[in-house]
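The structure appears below as structure tokens.
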Amino acid sequence: MLKKMFLSIVVLFCFLSTSIAADLSPVKLPPPDMKGGKPLMQCLKDRKTDRSFSTKKLPVDVLSNLLWAASGVNRADSGKRTAPSAVNWQEVDVYVAMEEGLYIYNAKAHILEPVLKSDLRKNTTQLLQPSRSSVAGAPLQLIYVADYEKMSFLVNDEDKKLYSSADTGFISQNVYLYCASEGLATGVRGMVNKEALSKDMKLRDKQKIILVQAVGYPAD
Ligand SMILES: Cc1cc2nc3c(=O)[nH]c(=O)nc-3n(C[C@H](O)[C@H](O)[C@H](O)COP(=O)(O)O)c2cc1C
């Protein structure tokens, strides 16, 4: 009897959590433009943290290029990505918080898969100093989440944290350089209420938020 009740609760929970995302549609991204952009040396010259954002949304082609630059597949034969990862674990997922909801970037299919139909952008900015309030209005918050379960053979969480933090740094720098190329504002943040945000995102225990990065047009 108890077992039956437990099973019903699990089934109900699964149904509810899938139905939350069910009314949020996937975002099909156009193919990335791999020929555009400024020369690398110019991007390096212009790379910076800019915390003043306009609330203007990013068009889907910019979103496509941004995510591909961040961590897209650049070698179809091996499935390897624009950012390196230790042992090619590819353990860092890029979650995208927008007004419409929370998505996860599926690099192989180059689409945004729905996760939750709620605007979690403000949930990433609880620890912001008041002087940095325009970060909360950015159209996009990229949330870098390491999945420790993908890091096979490492038993030690300290090592997992080290490697996944390094791997996140490469993704974040790709985003910085893309933003420098396109004249977008961006800023990465470690000061995030990770415990609360993990709950809001309904992450599993072995999924760890590493950093959050706001992206948008610069404020006028
Ligand atoms: C790992 C890491 C964590 C950071 N965390 C924050 C943060 O919590 N809040 C913030 O406003 N900036 C944060 N920054 C941005 C730095 O303050 C910024 O990179 C630094 O001031 C240098 O400025 P620049 O990026 O324009 O060179 C972080 C940067 C890195 C690399």
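The values are calculated or read from the model by the stated rules, or taken from the named source; none is laboratory data. Predicted model, so just to flag it, every value in this text is computed and none were measured. Note: ideal-geometry Cβ built from the backbone for every residue, glycine included; neighbour counts use all protein chains shown.
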Check your understanding: In the range 51-101, which residue that is surrounded by 18 or more Cβ atoms within 10 Å (Cβ to Cβ) and among the acidic types (Asp, Glu) is farthest from Asp33 (Cα to Cα)?
Key -> Glu91
Check your understanding: Ala21: among the small types (Gly, Ala, Ser), modelled with pLDDT under 95 and under 22 Å from Val145 (Cα atoms), yes or no?
Key -> yes
Exercise for review: Within the range 197-212, track down each residue that is away from the ligand (no atom under 15 Å from the Cβ) and in contact (Cβ under 8 Å) with a residue 60 or more places away in the chain.
Suggested key: Asp200, Met201, Lys202, Gln207
Check your understanding: Which of the residues that make up the range 188-220 are in contact with a Phe, Trp or Tyr (Cβ under 8 Å, 6 or more places away or on another chain), more than 15 Å from Phe53 (Cα to Cα) and surrounded by fewer than 19 Cβ atoms within 10 Å (Cβ to Cβ)?
Key -> Lys206, Gln207
Check your understanding: Is at least one residue of the range 42-65 at positive phi and modelled with pLDDT of 95 or more?
Key -> no
Check your understanding: In the range 105-120, is there at least one residue being polar (S, T, N, Q), without any contact (Cβ under 8 Å) to a residue 12 or more places away in the chain and in contact with a strand residue (DSSP E or B) (Cβ under 6 Å, 6 or more places away or on another chain)?
Key -> yes
**Study point:** Which numbered condition Gly190 fails, given (1) farther than 29 Å from Pro39 by Cβ; (2) within 14 Å of the ligand (Cβ to nearest atom); (3) more than 15 Å from the chain's Cα centre (by Cα); (4) not acidic (Asp, Glu)
**Key:** (3)
Exercise for review: Please work out which one of (1) among the hydroxyl-bearing types (Ser, Thr, Tyr); (2) more than 16 Å from the ligand (Cβ to nearest atom); (3) closer than 25 Å to Ala166 by Cα is the condition Ser54 fails and give its number.
Suggested key: (3)
Point to revise | Complete set of residues in the range 153-176 that are among the polar types (S, T, N, Q) and over 22 Å from the mean Cα position of the chain (by Cα) | key: Asn156
Check your understanding: Could you say whether any residue in the range 178-187 is in contact (Cβ under 8 Å) with a residue 60 or more places away in the chain, farther than 30 Å from Gln42 by Cβ and surrounded by 19 or more Cβ atoms within 10 Å (Cβ to Cβ)?
Key -> no
